Amino acid sequence: MKRTVIPGLLALLAFICLIPSSLAAAPAAAPKSVVLIDAKSGRAFAPISFLKGFAGAEVQWTDAEKRIDIADGDNRLALFTGKTTAQVNEAQVSLTDAPFSENGTTYVPLQFVSQMLGYSLEWSKNPSVVSISRDGNTVVLPAVTRGAFPSGSKPIVSASKTFKVGSRSFSVQMITVSLLHPKIGLDVVLAGNKAGNVEDLSSIAKRSKAAVAINGTFFDAYTKIAIKHLTDT
């Protein structure tokens, strides 16, 4: 998922991309909860953190064995990263695909875990998301192809563009942000930390230690009234 934006000057509410301008020195952003799709097999892998959205599900990680224990009601699953053998209620079973760890997140075969624990899956193509449901609870996760962001890929790309409108030409700096890139973190910030204020987007980004600030609302920023209001346009 990518988003291209043209930065404006003022913002009442801004979404900020929390990565420093020097990416090489940047700490990794918090791992994202996304489903990874294997490009060859088409099979899906979900981060074990998705289980937190369901009451009764408990996950335990044993680093020495690279073991993932999942307890949910009467069901007990044991999976091992890098191995296609698993246990279901202490009975050994074979997996089509092995769990794995990537970018600080451990992924498990989604179809297998869903079948064993009674989750239903519903896929949507636009945008690409999967809804995981059980007992009235639903977790919705974006789905991306595994390897969509290879090592060294840029999460933010800046380029100068010129647009012609009628007889006039406008030069702008366009920024494309890969929102699902593992180095991207998002937050919401009020201009001046107060509703109704305005603030330069570069100022918002600087004080938030972010690389980019994106205007998150439509509002009457250029009127003379003290408090700016949202508009319907």
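Derivation of every value follows stated rules applied to the coordinates shown; laboratory data play no part. For clarity, every value in this text was computed on a predicted model and none was experimentally measured. Note: ideal-geometry Cβ built from the backbone for every residue, glycine included; neighbour counts use all protein chains shown.
Over 23 Å between Cα atoms: which of K154/K194; K40/K183; K52/K194; K183/K209; K40/K125 fall into that group? Don't jump to the answer; show the numbers that get you there.
Values: K154/K194 33 Å; K40/K183 25 Å; K52/K194 33 Å; K183/K209 14 Å; K40/K125 18 Å.
From K154/K194; K40/K183; K52/K194; K183/K209; K40/K125, over 23 Å: K154/K194; K40/K183; K52/K194.
Kindly state, to the nearest 0.05, the FRET efficiency for K52 paired with V172, given R0 = 35 Å and r defined as their beta-carbon distance. With a Förster radius of 35 Å, E is 0.25.
Full extension from Q87 to N193: what is 0.36 nm times the residue separation minus their Cα-Cα distance, to one decimal in nm? Intermediate values should be presented prior to the final figure.
Details: separation 106, 0.36 × 106 = 38.16 nm, distance 5.12 nm.
Stretched out fully, the Q87 to N193 stretch lengthens by 33.0 nm.
Applying the Karplus relation 6.51 cos²θ - 1.76 cosθ + 1.60 with θ = phi - 60° to the stretch 138-146 yields 3J(HN,Hα) values of 9, 10, 10, 10, x, 10, 9, 6, 4 Hz, where x marks Gly and Pro. In this structure the amide hydrogen of F80, modeled in the peptide plane, comes within under 5 Å of the amide hydrogens of I68, none closer than 5 places in sequence on its chain. Highest mean first, the peptides 60-66, 162-168, 172-178 sorted by other C-beta atoms within 10 Å per residue fall in the order 172-178, 60-66, 162-168. Residues of the stretch 152-167 with an amide N closer than 17 Å to a point placed 7 Å from the Cα of S202 along the Cα-to-Cβ direction: 158-161. May I ask for log10 I(q)/I(0) of the stretch 35-145 at q = 0.12, 0.24 Å⁻¹, from a Debye sum over the Cα atoms as equal point scatterers with solvent left out? Debye intensities relative to I(0), on a log10 scale: -0.39, -1.58. Across the stretch 199-211, rounded Karplus estimates of 3J(HN,Hα) from the backbone phi angles (6.51 cos²θ - 1.76 cosθ + 1.60, θ = phi - 60°) give 7, 4, 4, 5, 5, 4, 5, 5, 6, 8, 6, 10, 7 Hz, Gly and Pro being marked x. Sorting I214, I70 from the fewest to the most surrounding beta carbons within 10 angstrom yields I70, I214. Quick check: the distance between the Cα centres of the stretch 73-127 and the stretch 137-183, to the nearest angstrom? After rounding, the separation between the Cα centres reads 32 Å.
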